[in-house]
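Here's the structure, in structure tokens; my notes come after.
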Amino acid sequence: MMVDRFYLNVGWDKGNEHELMVHGYDISKKCFYYADHTQDGRHKTGLSCSFSELKQAFEAPITYRESLEFKNTIFTSLPVQNLSYKLNLDHMI
């Protein structure tokens, strides 16, 4: 999902457009869990933000999203049943 990370209150400047992956939520805490790259360039999982922060980040005007037809788009994926998943490190590196 393309967002402006400024609204996630993790220290980014306004207009910091980036895709992040939401991988869970906690309805009682009213928060989403997501993975993203931190300011030091490391990939990090288990980050969290409130429902309202993510809504604000998603609805922010984003130039990059407009130009690449990502406007108001969320990509989802589901595991395919009865399929074996393997990690191919050669493909990732």
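The values are calculated or read from the model by the stated rules, or taken from the named source; none is laboratory data. Just so it is clear, the model here is predicted, and its values are computed rather than measured. Cβ: placed from backbone, ideal geometry, glycine included. Neighbour counts: every protein chain shown. Ligands, DNA and RNA are stripped out before the accessible areas are found, and what is left, the full protein with its side chains, is counted by its heavy atoms. Shrake-Rupley method; radii C 1.70, N 1.55, O 1.52, S 1.80 Å.
The table below lists the values:
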{"read-out": "Segments 11-20, 37-46, 51-60 sorted - mean Cβ within 10 Å per residue, highest first", "value": "51-60, 11-20, 37-46"}
{"read-out": "Accessible carbon and sulfur surface of the range 1-40 relative to its total accessible area, %, 1.4 Å", "value": "52"}
